[in-house]
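Where a number appears in this text, it was derived from the coordinates with a stated rule and is not lab data. A quick note: this is a predicted structure, and the numbers were derived from the prediction, not measured. As a convention, Cβ positions derive from the backbone with ideal geometry for all residues, glycine included, and neighbour counts pool all protein chains shown.
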Amino acid sequence: MVGLLLYIAFAVMDVIKFPSEVYTLTLTARLTLVILPLLYLNFVYWYKPPLSIRSDVFLLLFIYLGAGLNHTIVYYVSQLHGFEFSQLGLVLLIMFGCLLMVLPIKPSGIVTVLILSIFTAVNIYINHPLADLIFVLVILGFVTGICLTVNRIGQKRLYQNYILINRLYNESITDGLTKLNNRRAFQEQVVRLNAIAVREKATLGLIFVDADYFKIINDSFGHGMGDEVLKKLAEVIEAKCRRTEDIGFRIGGDEFALILYGVNKEKLTETCLEIVEDVANFNLNNNGQIIKTSVSVGATLKFANTKITSENLVKTADKYLYQAKRNGRNQHYLKAI
């Protein structure tokens, strides 16, 4: 937005400074090479934000090249008509292209060399004093080097910070023992996926899993064996996440959850049965003693036309989990809403 407003201001200055036969040409060049592409980018970034600042890198390079070519055109026309035109504008353009636009180093360097080559050719064509031209090119080359160096350092530091932030965020939503997503991730995802399901009129399945008599295992065999049970339960949950839309969680203690987006009732029922059967078939060995365990599973399927808050959806699945426990454990209880 700032770049667009500044370039419009430059266009207005052309009208004030130059006669009509000059600014008619310069305004056409500014409009075609810079202003229209900048208008498009402003629309994209304000109303349809891209996933990355590199999404429109070729258009950004075109704007940088267009701004450099436009400067050379204005400079050439000014020289033909005997008007003074400062080279400070070219310095600002280089800073804009090599630093502020955060373009990749090599492409921005290549475009800068191209702009300076065209500028040099125009100066040679109009018989500009060679000594003055060399001096100007040395200054512009120095500015280019500084901007590209600062850009490189800045991009490297930003990338390192991004990696660090991404790692810290992943750690904050991952359960340390089972490596499944944790309660925080569950709370975020159930709200997000429920909103998407309402908007896209899709089904949403939610499964709660709770280990039966887990405290007895901890008290009888120690917390180490309890951790092994939790890890095995996590493996079962993870194995049911067969699609990218399926997400497993450990939401606390011996409680696990599964969110299945766009699932039907038959598939949700099948998944619940598989979880119960897989856990019932555990054969955990503790110094020659086989430990058997089981789980209670509560699940709910939100139909496509059902509107319910994520909080109430969680409460419903939790209620069905405790219904499975009341029914005798080692089983599932499922209802659609």
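Under a Cβ-only charge scheme (Lys and Arg +1, Asp and Glu -1), can you give me the dipole magnitude of region 1-105 about the Cα centre, in debye to the nearest 20?
With only Lys, Arg, Asp and Glu charged at Cβ, the dipole is about 260 debye.
Thinking of region 127-263 as a set of Cα atoms, what percent of all their pairs are more than 25 Å apart?
Tail of the P(r) past 25 Å holds 53 percent of the pairs.
What percent antiparallel are the DSSP beta bridges of region 183-336, to the nearest 5?
Around 85 percent of the beta bridges assigned by DSSP in region 183-336 are antiparallel ones.
If you take the beta carbon distance between Leu5 and Asn127 as r and set R0 to 51 Å, what does 1/(1 + (r/R0)^6) give as a FRET efficiency, to the nearest 0.05?
0.90
With labels modelled as points extended 7 Å from the Cα through the Cβ direction, what inter-label distance (nm, one decimal) is found for Glu200 paired with Thr28?
Taking the simple label geometry, Glu200 and Thr28 are separated by 4.9 nm.
For a Förster distance of 51 Å, can you work out the FRET efficiency between the beta-carbons of Ser55 and Lys179, rounded to the nearest 0.05?
Here the calculated transfer efficiency is 0.95.
What is the fewest-to-most order of Lys232, Lys48 by other Cβ atoms lying within 10 Å of their Cβ?
Result, fewest neighbours first: Lys48, Lys232.
Please report the relative contact order for region 183-336, taking Cα pairs under 8 Å with a sequence separation of at least 6, and give it as a percent rounded to a whole number.
30
Angle check, please: helix 310-326 long axis (alpha carbons) against the longest principal axis of the chain (alpha carbons), in degrees 0 to 90, nearest 10.
On a 0 to 90 degree scale, this one is about 20.
Taking region 16-67, which trypsin sites (Lys or Arg not before Pro) meet the DSSP loop condition and have no more than 16 other C-beta atoms within 10 Å?
Arg54
Rounded if a/c is under 1.5, else prolate if a/b beats b/c, else oblate: with a ≥ b ≥ c from the C-alpha gyration tensor eigenvalues square-rooted, which is region 2-169?
oblate
Do the sum for the chain: with -39,500 (n - 2.57) for every DSSP H run of n ≥ 4, divided by all residues, what is the mean residue ellipticity at 222 nm, to the nearest 500 deg cm²/dmol?
The per-residue figure over the chain is -21000 deg cm²/dmol.
Considering the Cα positions of the chain, please state its Rg to one decimal place and its Dmax as a whole number of Å.
Final numbers for Rg and Dmax: 32.3, 99 Å.
Could the peptides 109-118, 61-70 be put in order, highest first, of the mean number of other beta-carbon atoms found within 10 Å of their residues?
By packing density, highest mean first, the sequence is 61-70, 109-118.
For Ile216 and Ser117, calculate 0.36 nm times their separation in residues minus their Cα-Cα distance, and state this gained length in nm to one decimal.
This chain segment gains 27.7 nm when fully extended.
Which order do the peptides 169-177, 293-301 come out in when sorted by mean C-beta neighbours inside 10 angstrom, highest first?
Ranking the peptides 169-177, 293-301 by packing returns 293-301, 169-177.
Looking at the chain, what % of its DSSP beta bridges pair antiparallel, to the nearest 5?
Roughly 80 percent of the beta bridges in the chain run antiparallel, per DSSP.
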